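Novice: Right, I'll just put the structure down here and ask away after.
The values are calculated or read from the model by the stated rules, or taken from the named source; none is laboratory data. Bear in mind the structure is a predicted one, so any value in this text is a computation, not a measurement. Don't worry about glycine lacking a Cβ; one is built from the backbone with ideal geometry, like all the others, and counts go over all protein chains shown.
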Amino acid sequence: MSKERLEGVESRHVHALWRRLAEELSGILDAHGICAAAAHEIARFAQSRAVVGIREPFNSYYNVWLCQPDGAMEQMRWEGDRASFEPLLAHGRAILQDKLELPANELINSELWRHSRQLLLFSPLPTPTKRSQITPPGALCLLDPAPDCPVTIDNIEELANFLTVYLDRALLRQRSDQQDVEFGIVSDISYSITSTLNLEDIFQQVADATRRTLNAESISIGLIEPASGEIIFVDTLMGPHFHDLPPIRLRPGQGIAGWVAENGQPLIVNDVYKDQRFYAQVDRQSGFQTHSILCVPLQAEQRVIGILEAINKQNGQFNENDLNLLQAISGPLAVAIENASLHSDVLAEKRRIETIFASMSEGMLTLNKEERITAINDSLLTLLRQEGEELFGRPASEVIRTRPNTFDKFLKQVFQARDDYPQLACDLLQGKEEFVPVLISGASVQDEEGKTSEAILVFSDLRQVREVERMRDDFFNNIIHELRTPLATILMYARLLREGKAEGDQAKADRFLGVIERESDRLQRMVRQMLQLAKLEAREIQRSSEPVSLKNILEQMLPPLADQATEKGLTFSQRIPTELPQVFGNEETLYMIFKNLIENAIKFTPAGAVSVEATVANNQFQFRVKDDGIGIPEQGIPNLFKRFYRTQTAVERGIAGTGLGLYMVKEGIEKHGGDIEVTSSEGKGSTFTVRLPAISE
Ligand code: ADP
């Protein structure tokens, strides 16, 4: 047979293969199917073992199909370095390689050469001349082709090109299908996370969907804590390994997550233990085994607010495609997190305002622009003596009735006000006919367009203020009055002395001086009491509380008071147990309490007995002062502990006093958590009983 004829036969043969392949491959739409079918057809046609391998996109291995001439097919996965395709691909064209010409180290551990006895007919896939953007690198080989094999070094590249067309078509199709699927997943996730404002739900939905799609072992979300810059991982997403551990925190820049957050760039690390950035401490603590991490930043308006991380790709490695998908999810996730936290800020703010509204002692009312009631707090309801439910929606001027009848005018003023807060001092109708003095302050609320949409009214009950004012006035009047009397007396006697009214009469001079001394004492006592009172009211006791020994106080205080009583001709008796507990409080105040009571008993008992008794029971200290004195009229008892109150009988009898003592006694006792009780009958005597909680032994 001439050479030309031979070529003609061969080419017919080869065209037959072409036709066969075209028929087979045009119906196959996935790349692996193309490879398998091609290997099958070529092996059958060439009566030689055929190998078709393509590299798995984004991975280091080749998927390989090896077909025997009889059609028996084997599918394998060859790691890049063991496949031995690379040195052959480096030639850049088809090659017929003799095994024996290769150095031994290229043959050792080689999958390809393990299957070939001597000769290998190889073509790159796709061929470098017809560079394909789609088909990944691969190889088409015939193992030990017979000398008359119709596939030759001259036509194998054409065969490879032919195959590439079908591979391109299948891969393109696959890619667009994949993109459709991914687009679907991303939009599903976006939709579902934007339809809730609950962060936990958002995290769970993203994690579940992302884990399934990426085929990862777990998904983590870490959020940056604004104050510290640390990343705190959402612990509800962490698996069982982390249940007993505190939330995982990474310092700024620490670990792969820290790097991603700091650099605002995504990262794929397929072998974390080979990456210096990996922070292995977490694995050590939890017992979880991390192999691979795909991590993307969560960015909201240019700011990195956290990271989204897929951990341990279940088969194979994380690739660019996974990264694109995770990035596509991270955008809507960041927005959803921002929205949820804004929403929870708004909710917190709303709760805060509601709490203020409800708990304010001032009455509050909000009105819509029709001047109807939209909210009313309990304080105002109490002030109005009304029930809340029935007031909602009613016109304010129907509910708020004032004297003078100026509320309507005031409301108009409030709705027109911009930067000022109108006020109205008036009497407010309480219930049916009573009136209460109030101060109403109003403010208008503007919407985004600057139009008044609401008004807020605050009602201050002036009764207390008036009462305080009255008490303050009384207090000053009393002080002035009380100070004036002794001062006038001192002044008068001093003048008498200076004018020589006691000259030559030592006894008289002594009497004058005695009066001056006594009145000065009284002045001094009053001033001291007032200072004590001021201190008491400044709540100094609470600030300087400590265990105080009652025994010490009584031991110091009683002897001079006993002397004072006997000097006055009274019988003084005391029953104090030897053991007395301690009381938590302020020594000076406790001293003042007991001393005042005993001094009063002595002072208001012209003749008879004064007795002091202390007892302890059930961790309670009881102190009782009893006298046979002038007693207290029944109607005086409710006022006894008020400032400056003095009974009529005491004043009439000219017994000196300020009316401050018992007020301070009561204040002091209350600040020590105790109470005071008084029983008295006019003309017969009084008993004051103090009870204080003792410190248990
Ligand atoms: P002061 O003793 O300086 O007048 P207090 O506040 O100690 O002021 O007492 C207020 C008033 O209570 C006294 O002025 C007196 O009228 C009445 N009072 C207090 N203790 C007794 C008592 N033991 N017997 C009768 N009246 C008393």
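Novice: Based on what the data block shows, is residue 566 away from the ligand (no atom under 16 Å from the Cβ) and within 16 Å of residue 628 (Cβ to Cβ)?
Specialist: So residue 566 passes the test.
Novice: Now, a different point. If you go through the stretch 92-123 one residue at a time, how many are part of a loop (DSSP other than H, G, I, E, B) and touching a Pro at 6+ places or on another chain (Cβ under 8 Å)? Working first, answer last.
Specialist: Going through the stretch 92-123, the residues part of a loop (DSSP other than H, G, I, E, B) turn out to be 92-94, 102-103, 108-110, 116-118.
Imposing the further condition that a residue be touching a Pro at 6+ places or on another chain (Cβ under 8 Å) reduces the set to 92-94.
Residues meeting the conditions: 3.
Novice: Take the residues in the stretch 670-680 that are touching a strand residue (DSSP E or B) at 6+ places or on another chain (Cβ under 7 Å), buried (at least 16 other Cβ atoms within 10 Å of the Cβ) and not hydrophobic (A, V, I, L, M, F, W, C); name whichever of them is farthest from residue 653 (Cα to Cα).
Specialist: 672
Novice: Only one residue in 315, 319, 270 is surrounded by fewer than 16 Cβ atoms within 10 Å (Cβ to Cβ) and either more than 14 Å from residue 231 (Cβ to Cβ) or at pLDDT 95 or above (or both), so which one is that?
Specialist: Checking each option against the conditions leaves just 315.
Novice: What number of residues within the stretch 273-318 satisfy the criterion of being touching a Leu at 6+ places or on another chain (Cβ under 9 Å) and of a type in the set (Phe, Trp, Tyr)?
Specialist: So the answer is 2.
Novice: Answer yes if at least one residue in the stretch 155-167 is assigned to a helix (DSSP H, G or I), among the hydroxyl-bearing types (Ser, Thr, Tyr) and surrounded by fewer than 16 Cβ atoms within 10 Å (Cβ to Cβ), and no otherwise. Before the answer, list the steps.
Specialist: Step one: filter the stretch 155-167 for residues assigned to a helix (DSSP H, G or I), giving 156-167.
Okay, now just the ones that are also among the hydroxyl-bearing types (Ser, Thr, Tyr), so 164, 166.
With surrounded by fewer than 16 Cβ atoms within 10 Å (Cβ to Cβ) added as a condition, the list becomes none.
Looking for residues that are assigned to a helix (DSSP H, G or I), among the hydroxyl-bearing types (Ser, Thr, Tyr) and surrounded by fewer than 16 Cβ atoms within 10 Å (Cβ to Cβ), one finds none in the stretch 155-167, hence no.
Novice: Right, another one. Any chance you could count how many residues in the stretch 190-235 are part of a helix (DSSP H, G or I) and of a type in the set (S, T, N, Q)?
Specialist: Going residue by residue through the stretch 190-235, those that are part of a helix (DSSP H, G or I) are 190-194, 199-214, 235.
Cutting the leftovers down to of a type in the set (S, T, N, Q) gives us 190, 192, 194, 204-205, 210, 213.
Residues flagged as part of a helix (DSSP H, G or I) and of a type in the set (S, T, N, Q) within the stretch 190-235 amount to 7.
Novice: Moving on. Which count do you get for residues in the stretch 637-682 that are within 55 Å of the chain's Cα centre (by Cα) and not β-branched (Val, Ile, Thr)?
Specialist: Qualifying residue count for the region: 24.
Novice: For the stretch 241-349, list the strands (runs of 3 or more DSSP E) that sit wholly inside it and hold at least 1 residues that are under 30 Å from residue 78 (Cβ atoms) and among the charged types (D, E, K, R); which are they? Let's see the steps before the verdict.
Specialist: On the way: elements: 267-269, 293-300, 303-313.
It comes to 303-313.
Novice: Report, by residue number, each residue of the stretch 21-69 that is surrounded by 20 or more Cβ atoms within 10 Å (Cβ to Cβ) and of a type in the set (Gly, Ala, Ser).
Specialist: 31, 37, 38, 39, 43, 46, 48, 50, 53
Novice: Take the residues of the stretch 541-570 that are among the hydroxyl-bearing types (Ser, Thr, Tyr) and touching a residue at least 40 places away in the same chain (Cβ under 8 Å): which is farthest from residue 531 (Cα to Cα)? Break it down into steps so the answer makes sense when it comes.
Specialist: Step one: list which residues in the stretch 541-570 are among the hydroxyl-bearing types (Ser, Thr, Tyr), which gives 544-545, 549, 566.
Those left that are additionally touching a residue at least 40 places away in the same chain (Cβ under 8 Å): 544-545.
Numbers: 544: 17, 545: 19 Å.
Across the stretch 541-570, the extreme among qualifying residues is 545.
Novice: From the set of residues in the stretch 1-60 that are closer than 12 Å to residue 151 by Cβ and among the acidic types (Asp, Glu), which is modelled with the lowest pLDDT?
Specialist: 10
Novice: For the stretch 410-419, give me each residue that is touching a strand residue (DSSP E or B) at 6+ places or on another chain (Cβ under 9 Å) and surrounded by fewer than 12 Cβ atoms within 10 Å (Cβ to Cβ).
Specialist: 416, 418
Novice: Still on this structure, I have one more. Taking the stretch 111-135 on its own, how many of its residues are buried (at least 18 other Cβ atoms within 10 Å of the Cβ) and under 60 Å from the mean Cα position of the chain (by Cα)?
Specialist: The total comes to 4.
Novice: Go through the residues of the stretch 533-544 one by one and say whether even a single one is within 12 Å of the ligand (Cβ to nearest atom) and more than 19 Å from residue 675 (Cβ to Cβ). Steps first, answer last, please.
Specialist: Initially, the stretch 533-544 is screened for residues within 12 Å of the ligand (Cβ to nearest atom), giving 533.
Checking the rest, the ones that are also more than 19 Å from residue 675 (Cβ to Cβ) come to 533.
Yes: one or more hits.
Novice: Could you please let me know if residue 578 is of a type in the set (Ser, Thr, Tyr), part of a loop (DSSP other than H, G, I, E, B) and more than 14 Å from the ligand (Cβ to nearest atom)? First the steps, then the outcome.
Specialist: Working: of a type in the set (Ser, Thr, Tyr): yes; part of a loop (DSSP other than H, G, I, E, B): yes; more than 14 Å from the ligand (Cβ to nearest atom): yes.
Answer is yes for this residue.
Novice: Here's another thing I want to ask about it. Here are some conditions: (1) surrounded by fewer than 20 Cβ atoms within 10 Å (Cβ to Cβ); (2) within 26 Å of residue 549 (Cβ to Cβ); (3) not β-branched (Val, Ile, Thr). Residue 683 meets all but one. Which one does it not meet?
Specialist: Just one mismatch for residue 683, condition (2).
Novice: When you scan the stretch 214-224, do you find a residue that is exposed (fewer than 12 other Cβ atoms within 10 Å of the Cβ) and either charged (D, E, K, R) or without any contact (Cβ under 8 Å) to a residue 12 or more places away in the chain (or both), even just one? Explain how you work it out, then say what you get.
Specialist: Start the filter on the stretch 214-224 by keeping residues that are exposed (fewer than 12 other Cβ atoms within 10 Å of the Cβ), which leaves none.
No, every residue in the stretch 214-224 fails to be exposed (fewer than 12 other Cβ atoms within 10 Å of the Cβ) and either charged (D, E, K, R) or without any contact (Cβ under 8 Å) to a residue 12 or more places away in the chain (or both).
Novice: Right, next: From (1) surrounded by 15 or more Cβ atoms within 10 Å (Cβ to Cβ); (2) in contact with a strand residue (DSSP E or B) (Cβ under 9 Å, 6 or more places away or on another chain); (3) among the charged types (D, E, K, R), pick out the condition that doesn't hold for residue 463.
Specialist: Condition not satisfied by residue 463: (1).
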